[in-house]
Amino acid sequence: MATGLSSAEIGRLQATGFTVLDRADIQLLGSELIRLRIPANMPLEAARDLVIDAAPQSTADFVHYYRPGQEAECAGPHCAAAGLIGWPAGTGLPAGCGGNVTIGLIDTAINPAHAAFAKGRVEVLRLSDDGVPESGRQHGTAVAALLVGGADSRTPGLLPHARLIAVDAFHRGDRQDDRSDAYDLLRALDLLSARGVQVTNMSLSGPANALLEQVVRRLSERGMVIVAAAGNGGPKAGPAYPAAYAEVIAVTAVDRMKRPYRRAGRGEHIDLAAPGVQVWTAASVSGARPKTGTSFAAPFVTAAAALMKSANSNATAVDIQDALGKSAEDLGAPGKDAVFGWGLLNVRAACVVTSKKAT
């Protein structure tokens, strides 16, 4: 996929065997995003280089795939995740944080009929209905319930009265493989930006992508806080994206004893830790079950960032990220480290930092 291609340049690429599969106007880039099929038998790297050579002013990269981060099953009682991070019981809010919140979510399909959302304000937008198989609803429903599950449901969310705009950017591939691609992630982010969303949860991970990095940077400059899961590739895996971009808050998972999740990614890009092992949340059809993975740690940080942004609308994405880091409970090696980042999310302390900044 590429942006910044002129009609003449597209024509020359088509003459060499490229096919235009789709087009989308991306307001954030002020340009049209073109999705291309490469010529038969041409290596991917050679195709990308050919596009860049044909249009040096353009940005081009592969249509990478991104996947939700979860461990399919876990056993045992759920932990009191909200209490671990200083989240108040009931529907009260920490001092210094507001409550008029709209959250963006880019994830798999969601079951809007789940009892967790019976009294909520959940809007689900599916990017494609052109026959592409819908993704499974397990992951998206669980993440959404952690954020906005009804206060009187079996899976009360952190912000039950918040508004959630959820973009279903995934589809089901072979062997029940739920995946999104970079082309659709760009469209989803652009859509949320156009709707005025200022805090977005991305519990997904994949490789680095030049166009995704460009959009993430642009959104951060405009004030959007993006929170992403660190990924579940294990301690020796390379950085996962978008979490590893500097503008994104990368969240790892810990258990109720504040020990690191065994499969969480590590690295200098990790910013914060939050509960992500045996976290109680909604199942896809009905009821609830514990879930494990960095995907389920990210919503805790997203909810905290949303409260902070609501309390101080002038706070930049950097301000929010800085306040969360300064207020975190240091774990592991002193200071920021590759396992826990700045440490465990501390919502009450973060809200105090934000409140002081606002005054």
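A few points about this structure:
- Residue that is modelled with the lowest pLDDT [pool: residues in the stretch 276-304 that are part of a strand (DSSP E or B), surrounded by 24 or more Cβ atoms within 10 Å (Cβ to Cβ) and not β-branched (V, I, T)]: A282
- For A246, the criteria (1) hydrophobic (A, V, I, L, M, F, W, C); (2) open to solvent by less than 10 Å² (accessible area, probe 1.4 Å); (3) not in a helix (DSSP H, G or I) hold in every case but one, which is (2).
- Every residue from the stretch 258-274 that is open to solvent by 10 Å² or more (accessible area, probe 1.4 Å), in contact with a Leu (Cβ under 9 Å, 6 or more places away or on another chain) and closer than 16 Å to A298 by Cβ: P260, D271
- Failed criterion for R12 (all others in (1) at pLDDT below 90; (2) in contact with a helix residue (DSSP H, G or I) (Cβ under 7 Å, 6 or more places away or on another chain); (3) of a type in the set (K, R) hold): (1)
- Hey, A273 touching a residue at least 24 places away in the same chain (Cβ under 8 Å), of a type in the set (A, V, I, L, M) and part of a strand (DSSP E or B) or not: yes
- Failed item, numbered, when Y261 is tested on (1) modelled with pLDDT of 95 or more; (2) on the phi < 0 side of the Ramachandran plot; (3) within 18 Å of the chain's Cα centre (by Cα): (3)
- Residues satisfying the stated conditions in the stretch 1-20, i.e. assigned to a helix (DSSP H, G or I), open to solvent by 20 Å² or more (accessible area, probe 1.4 Å) and without any contact (Cβ under 8 Å) to a residue 40 or more places away in the chain: S7, A8, G11, Q14, A15
- Among the candidates V124, V167, V132, V148, residue that is at pLDDT below 95 and buried (at least 24 other Cβ atoms within 10 Å of the Cβ): V148
- Flag if A145 is closer than 29 Å to T59 by Cβ and aliphatic (A, V, I, L, M): no
- Taken together, S310, S286, S295 contain a single residue that is under 14 Å from the mean Cα position of the chain (by Cα) and touching a residue at least 40 places away in the same chain (Cβ under 8 Å), which is S295.
- Residue match in the stretch 153-166 (condition: small (G, A, S), touching a Pro at 6+ places or on another chain (Cβ under 7 Å) and in contact (Cβ under 8 Å) with a residue 60 or more places away in the chain): no
- Filtered by the rule that a residue be open to solvent by less than 10 Å² (accessible area, probe 1.4 Å) and either more than 28 Å from R263 (Cα to Cα) or in contact with a His (Cβ under 7 Å, 6 or more places away or on another chain) (or both), the stretch 224-240 gives a lone residue, M224.
- Just one of the listed residues (I52, I26, I34) is surrounded by 14 or more Cβ atoms within 10 Å (Cβ to Cβ), out of contact with any helix residue (DSSP H, G or I) (no Cβ under 8 Å at 6 or more places or on another chain) and among the β-branched types (V, I, T), namely I52.
The values are calculated or read from the model by the stated rules, or taken from the named source; none is laboratory data. As the structure is a computational prediction, the values presented were derived from the model and not from experiment. Cβ coordinates were reconstructed from backbone atoms using ideal geometry, including for glycine residues, and neighbour counts include every protein chain displayed. The accessibility values were calculated without ligands, DNA or RNA, using every heavy atom of the protein model including side chains. Shrake-Rupley method; radii C 1.70, N 1.55, O 1.52, S 1.80 Å.
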